[in-house]
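**Student:** Pasting a structure here, questions to come.
The values are calculated or read from the model by the stated rules, or taken from the named source; none is laboratory data. Since we're looking at a predicted model, the values are computed, not measured. When we count neighbours, we look across all protein chains shown, and the Cβ atoms used for this are built from the backbone with ideal geometry, even at glycine. Heads up: the accessible areas ignore ligands, DNA and RNA and are worked out on the full protein's heavy atoms, side chains in. Shrake-Rupley method; radii C 1.70, N 1.55, O 1.52, S 1.80 Å.
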Amino acid sequence: MGTIQRIALALVIIGALNWGLAGLFRFDVVGELAGGSAEPIARLIYIIIGVAGLLNLGLLFEEWRGDRDVVKVHAASPEEI
């Protein structure tokens, strides 16, 4: 996992915690810090977290790639036997 994907994953976790607080306690941390959820800075933060979620979408399909963890077997030539 690269650095950008780690940062994106951290942002997604922060966004998930914010959604959890909003759902449980009706408290929007991003909105509070930015002066309201309709403020441009709050909207920018929401957009950044949304893009981070899209960047991490590939994590769902990483095991399907398969060729990263494949063990390559070397066939012995007749001279090596």
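**Student:** Mind checking the per residue accessible area of the stretch 1-40 for me, 1.4 Å probe, whole number of Å²?
**Tutor:** That works out to 77 Å² for each residue.
**Student:** Can you list the HN-Hα couplings for the stretch 22-35, worked out from phi with the Karplus curve (6.51, -1.76, 1.60; θ = phi - 60°), rounded to whole Hz and with x for Gly and Pro?
**Tutor:** 5, x, 7, 10, 6, 10, 9, 4, 4, x, 5, 5, 8, x
**Student:** Related question: Order the peptides 21-29, 6-14, 38-46 from the highest to the lowest mean number of other Cβ atoms within 10 Å of their residues.
**Tutor:** 6-14, 38-46, 21-29
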